[in-house]
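Presented below is the structure to which this report refers.
The values are calculated or read from the model by the stated rules, or taken from the named source; none is laboratory data. Here the structure is a predicted model, which is why all the values come from computation and not from measurement. Counting neighbours? That spans all protein chains shown, and the Cβs are built from the backbone with ideal geometry, glycine included. Just so you know, the surface numbers come from the protein's heavy atoms only, side chains and all, with ligands and any DNA or RNA stripped out. Shrake-Rupley method; radii C 1.70, N 1.55, O 1.52, S 1.80 Å.
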2 protein chains.
Amino acid sequence: MNVEERIKTSEEIPLERRTIIHIMLVANGINEKLAIALKPFDISIQQFNVLRILRGQNGKPANLSTLNKRMVSKMSNTTRLVDKLILKGYVERHTCPSNRRKVEINITSKGLDRLLKMDDVVSKTETEMLDQFSEHELKQLNLLLNQFKS
Amino acid sequence: MNVEERIKTSEEIPLERRTIIHIMLVANGINEKLAIALKPFDISIQQFNVLRILRGQNGKPANLSTLNKRMVSKMSNTTRLVDKLILKGYVERHTCPSNRRKVEINITSKGLDRLLKMDDVVSKTETEMLDQFSEHELKQLNLLLNQFKS
DNA sequence: CAATTACATTTGTATATACAAATATTGTAA
DNA sequence: TTACAATATTTGTATATACAAATGTAATTG
């Protein structure tokens, strides 16, 4: 993808700005592709992400602040995100017995089951997007990305 | 920024998935930083982007589909985005005389004036985010990003 | 132990976004 | 020239997100 072509500009873009725009374009593309892949499951990327985190807990319940810390894109409202997953029967929420301010969130077996199927299409999509890259290039890209100031 | 640390995982992430997550984290960081920079102007990144496109038109009016084509993140509703800018007095909208299905959108002098001030903080933010990079590295990063399938 | 502070989550409000349907206008073809 | 298709935008609806305020619970301190 050529940046100038994509945003239809004839003017030359300074290298720094071009880099920022480039990253944003690629990230939007990734989002779009993943959203399409997950569409048949009627689930958003964020919801998928939460399910994956919960699975990674290996049965150990997570609370909202844990989820927030581990999410790729920080949500300002994890409560409502979890609400949606409960409605779908993919997670359960209980008040934490040791600290009733907290909630314990677990993935259900139904959630685990669906997640397994989502994994397939997501992995396939990820591989498709990156099949132009050699392993060395992927490593190089990760190293460069590390230099961004967070 | 270390990916594993940021998403608090102890498990090893496959290189492809790690790359995708890395890009998303960096893009979210960019978004956040730009949003903060633009906050004093009470304007969203998308709105800022539209103003920049309109300025690039050099007086030539743009219609909605032109804006859509040139925007970094495709909006599904440019109408309402332009509505907001009109409310702020930054743009004007008129029905296109040659084709009354279209609208002609122009940036106002007030919009141009504000945009000039926004440019400063945005450029500063962009430079801050990238000051770890040499010119060679930026070029290298752009080349790698080009390999993403769009 | 009452008051205060800190913590964890929920709720309210405004705006953003995705998608589909509706509206208005223009072009075209029988 | 009427009917139909194509184009360009707007509107409706549902969900997502950002931010601030509210709620409920726990810990601390005088």
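Would it be correct to say that B:I105 is in contact with a strand residue (DSSP E or B) (Cβ under 8 Å, 6 or more places away or on another chain) and open to solvent by less than 30 Å² (accessible area, probe 1.4 Å)?
yes
Regarding B:L112, is this residue open to solvent by 40 Å² or more (accessible area, probe 1.4 Å), more than 16 Å from DNA strand D (Cβ to nearest atom), more than 14 Å from chain A (Cβ to nearest Cβ) and aliphatic (A, V, I, L, M)?
Against the criterion (open to solvent by 40 Å² or more (accessible area, probe 1.4 Å), more than 16 Å from DNA strand D (Cβ to nearest atom), more than 14 Å from chain A (Cβ to nearest Cβ) and aliphatic (A, V, I, L, M)), B:L112 qualifies.
Looking at (1) surrounded by fewer than 19 Cβ atoms within 10 Å (Cβ to Cβ); (2) without any contact (Cβ under 8 Å) to a residue 60 or more places away in the chain; (3) more than 13 Å from DNA strand C (Cβ to nearest atom), which is the one condition that is false for A:Y90?
Only one criterion in (1) surrounded by fewer than 19 Cβ atoms within 10 Å (Cβ to Cβ); (2) without any contact (Cβ under 8 Å) to a residue 60 or more places away in the chain; (3) more than 13 Å from DNA strand C (Cβ to nearest atom) is unmet by A:Y90, namely (1).
Kindly indicate the residue of the range A:12-29 that is more than 15 Å from DNA strand C (Cβ to nearest atom) and either of a type in the set (G, A, S) or more than 7 Å from chain B (Cβ to nearest Cβ) (or both) and also most open to solvent (accessible area, probe 1.4 Å) among those meeting that condition.
Among residues in the range A:12-29 that are more than 15 Å from DNA strand C (Cβ to nearest atom) and either of a type in the set (G, A, S) or more than 7 Å from chain B (Cβ to nearest Cβ) (or both), the one most open to solvent (accessible area, probe 1.4 Å) is A:E12.
Looking at the range B:117-134, is at least one residue outside the structural domain of B:V26 (by TED's automatic domain parsing), within 16 Å of DNA strand C (Cβ to nearest atom) and open to solvent by less than 20 Å² (accessible area, probe 1.4 Å)?
Among the residues of the range B:117-134, at least one is outside the structural domain of B:V26 (by TED's automatic domain parsing), within 16 Å of DNA strand C (Cβ to nearest atom) and open to solvent by less than 20 Å² (accessible area, probe 1.4 Å), which makes the answer yes.
Just to be sure before I move on: is B:L38 part of a helix (DSSP H, G or I) and surrounded by 21 or more Cβ atoms within 10 Å (Cβ to Cβ) in the structure I sent?
Against the criterion (part of a helix (DSSP H, G or I) and surrounded by 21 or more Cβ atoms within 10 Å (Cβ to Cβ)), B:L38 does not qualify.
Go through the range B:37-68 residue by residue and tally those that are among the β-branched types (V, I, T) and either in contact (Cβ under 8 Å) with a residue 60 or more places away in the chain or within 14 Å of B:Y90 (Cβ to Cβ) (or both).
So the answer is 3.
Select the helices (runs of 4 or more DSSP H) contained entirely in the range B:44-88, then report the ones holding at least 3 residues which are out of contact with any strand residue (DSSP E or B) (no Cβ under 8 Å at 6 or more places or on another chain), at pLDDT 90 or above and more than 12 Å from DNA strand D (Cβ to nearest atom).
So the answer is B:45-56.
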